[in-house]
Amino acid sequence: MDDDEFDYKMLRKIQESEKQSPMTTKIPKTFYEDVSVFLKGLQDQFEKETKQKRKMIIADEIQNIEKIVINIYEQREKKIIIAATSRVRGGNPSVKNLLDDELTLFDTLQEVLKNARDSLLSKEKEVVYSQRSDESPLQKTHQENTGPNQEHKVIQQKAISVDNDHIFVTIIKDMPTFVGTDAKQYTIKKGDVLSVPPQMASMLKKRRIAEEITIPPSSDS
């Protein structure tokens, strides 16, 4: 791009085009290099200028151009981030108008987002599987050992780590995941044995989802 083509008016045109387009617009491949050269020329003029009024005009022009260039960059940066997110989620955004350095930014963002997505979601799966694994022995014990002595034994073992103000209930029908009165998330199934706050126990009993279990005094007491 020739220096006489690169001016404030041209920059404003690029800025407006970028604002109106949801995709990155086509700009010269050497856009940022041209901006640098143009500003360098204005800075040289400022330093050589002897008239104070003229120096102020040049200073204002430099400041305005810098603001416009930053705005152009930030608009394109936002679109690049959105495009990288779209690609990671399976989309196919157009990157044909990206400059070489912008394409590098797009690729880097895409890789970071993908790695973070894979890492965090794999941890979530590990937690879910771990919870299911931890719940299975209790459910199996409750289902296989149906005698009253065995049931109370399981309950008493679980009660070791439970506050005294909680109530034990046995679930009599499945229920989708919900948030209890203690602000904890529960996914319950028929046959589960839970220790819950009195208010939540009352709610479950009223909805005929659970029955309260009476724990006999421990033989050790």
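Any read-out appearing in this document is the output of simple, stated calculations on the displayed coordinates, not a laboratory observation. This one's a predicted model, so the numbers in the text were calculated from it and none came from an experiment. Backbone-built Cβ (ideal geometry, glycine too); neighbour counts: all protein chains shown.
Modelled label positions at Glu49 and Glu77, each set 7 Å beyond Cα in the direction of Cβ, lie 2.8 nm from each other.
Sorted on the mean count of surrounding Cβ atoms within 10 Å across their residues, most packed first, peptides 101-108, 81-88 read 81-88, 101-108. Mean separation of Cα pairs under 8 Å and 6 or more residues apart, divided by the residue count, gives region 20-110 a relative contact order of 37 percent. Computed from label points 7 Å out along Cα-Cβ, the spacing between Lys9 and Gln199 is 7.0 nm. Quick one: if the Förster radius is 22 Å, what FRET efficiency do Met23 and Val112 give, using the C-beta to C-beta distance and rounding to 0.05? It comes out at approximately 0.50.
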